[in-house]
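The values are calculated or read from the model by the stated rules, or taken from the named source; none is laboratory data. What you see is a predicted model, and the numbers here were worked out from it, not measured in a lab. With ideal geometry, Cβ positions are generated from the backbone for all residues, glycine too; neighbour counts draw on all protein chains shown.
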There are 2 protein chains.
Amino acid sequence: MTRRDTREALLIAGMELFLEGGYDFVGTNAIIARVNGTRGSFYHHFDDKEAFALAVAEYYYEEHLPTLDRALGADDRPPVERLRRYFTALTRDFARHGHVGGCLLGMFGQELADRSPPARASLSRLFGRWRHRIADCLREARDRGDLRANLDCDETAAFVLDAWEGALMQMKLRKSGAPLEGFLRVVFGQLLTPS
Amino acid sequence: MTRRDTREALLIAGMELFLEGGYDFVGTNAIIARVNGTRGSFYHHFDDKEAFALAVAEYYYEEHLPTLDRALGADDRPPVERLRRYFTALTRDFARHGHVGGCLLGMFGQELADRSPPARASLSRLFGRWRHRIADCLREARDRGDLRANLDCDETAAFVLDAWEGALMQMKLRKSGAPLEGFLRVVFGQLLTPS
């Protein structure tokens with residue numbers, strides 16, 4: 001493998017393994033072994049386990065971007081409908097994969113927030129990018145009259161993503177799609193309505 | 001210390017230490033050392049680390065019950081106002097303590113959901129008890145006409161708690177009360193309204 005391939009293979013292995021049980025659950029040795037790598041190559045690419053995990057978080061978000069773009073990107077559908085389509089597609093994906101894993105950013109957030117300023121900065125930035133995309137979609141909906149005129153789109157986007165993160169945790173705890181389906185009904189039936 | 005005192009001291013130490021960085025972040029040795037205990041006394045009370053952590057989760061919830069009772073218990077205030085008082089009190093507590101820790105059940109949920117059926121059962125049961133308390137309060141509000149007549153109180157209670165859990169994670173990530181204050185505004189200004 002080229003250096004670049006090795007780096008990406010490590011990131012993918014990290015993503016898969018961290019999703020099974022969080023940051024501390026998995027050691028760097030297990031990640032290196034998964035790609036038949038060496039400690040030398042790991043530390044060539046990453047300063048330490050935390051720097052690696054934050055690179056994994058970034059990679060995870062970037063990997064998700066095409067899904068987000070496809071669902072929210074401007075097309076003929078009204079913006080709230082595009083948002084619903086986005087979360088509905090994710091709900092279906094989780095059902096197909098047995099309601100495991102949830103969100104890697106949420107897992108890292110829970111474990112690392114109180115002990116690592118770099119993790120706080122890095123994860124907050126990724127959540128912020130995600131939130132801004134949702135907020136832009138809400139603004140588009142508000143501006144065309146699909147949501148009430150005085151809606152705080154940034155605050156509502158933050159709230160929706162928080163509810164989504166909480167629902168993902170319940171999904172994997174209860175091994176059920178019910179929390180995500182409840183999220184869809186409340187968000188699109190009660191919260192994101194014109195009045 | 002008596003046996004009972006030792007057990008409770010271990011649970012309190014576990015609660016404090018797990019809240020700093022999650023289940024895998026803390027070893028049993030650190031917990032035992034915190035109470036000047038012995039491995040013998042630890043394993044006299046608990047089968048293993050996971051059984052201990054689930055006992056800590058139960059203790060954590062039980063410790064929280066008086067706060068929940070005080071806020072939601074029937075008094076002259078309308079039920080939605082009692083619910084608002086509950087989450088407002090928690091928001092103030094987290095501000096006073098520097099926006100750290102969040103919710104231990106949420107942390108354990110993230111880490112343990114995909115690897116431990118006993119953790120899933122135990123944490124789901126605790127979340128269920130919490131959710132039922134919120135749902136009862138919503139039913140009381142709905143029955144007196146403070147919420148729309150066809151509101152699904154169980155689903156809405158689940159959604160509100162999911163949003164709260166997500167907001168707690170953002171709170172500790174951003175070291176800010178803004179996510180909790182946003183939660184209060186959206187839940188009590190937009191979601192739990194009569195129409």
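Cβ-Cβ under 9 Å, sequence separation 6+ or interchain: first residue in segment A:169-193 and under 21 Å from B:Arg125 (Cβ atoms), partner of a type in the set (Ser, Thr, Tyr) and not in a helix (DSSP H, G or I). Which pairs?
A:Gln170/A:Ser176
To keep it simple, each residue is scored yes or no on (1) at pLDDT 95 or above; (2) more than 20 Å from A:Ala113 (Cα to Cα); (3) in contact with an Asp or Glu (Cβ under 6 Å, 6 or more places away or on another chain).
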| position | (1), (2), (3) |
| --- | --- |
| A:Arg3 | no, yes, no |
| A:Leu10 | yes, yes, no |
| A:Phe18 | yes, no, no |
| A:Phe25 | yes, no, yes |
| A:Asn29 | yes, yes, no |
| A:Asp48 | yes, no, no |
| A:Glu58 | yes, no, no |
| A:Asp75 | no, yes, no |
| A:Glu81 | yes, yes, no |
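Restricting segment A:75-87 to residues that are more than 17 Å from A:Glu165 (Cβ to Cβ) and in contact (Cβ under 8 Å) with a residue 12 or more places away in the chain, which is farthest from the chain's Cα centre (by Cα)?
The residue in question is A:Pro78.
Give segment A:13-38 a look and list any residue that's among the aliphatic types (A, V, I, L, M), in a helix (DSSP H, G or I) and in contact (Cβ under 8 Å) with a residue 12 or more places away in the chain, or say none.
Answer for segment A:13-38, where residues must be among the aliphatic types (A, V, I, L, M), in a helix (DSSP H, G or I) and in contact (Cβ under 8 Å) with a residue 12 or more places away in the chain: A:Ala13, A:Met15, A:Leu17, A:Leu19, A:Ala30, A:Ile31, A:Ile32.
Given the conditions (1) charged (D, E, K, R); (2) surrounded by 15 or more Cβ atoms within 10 Å (Cβ to Cβ); (3) in a loop (DSSP other than H, G, I, E, B), which single one is not true for B:Asp75?
All conditions are met except number (2).
Quickly run through segment A:52-72 and pick out the residues that are surrounded by 14 or more Cβ atoms within 10 Å (Cβ to Cβ) and not aliphatic (A, V, I, L, M).
Across segment A:52-72, the qualifying residues are A:Phe52, A:Glu58, A:Tyr59, A:Tyr60, A:Tyr61, A:His64.
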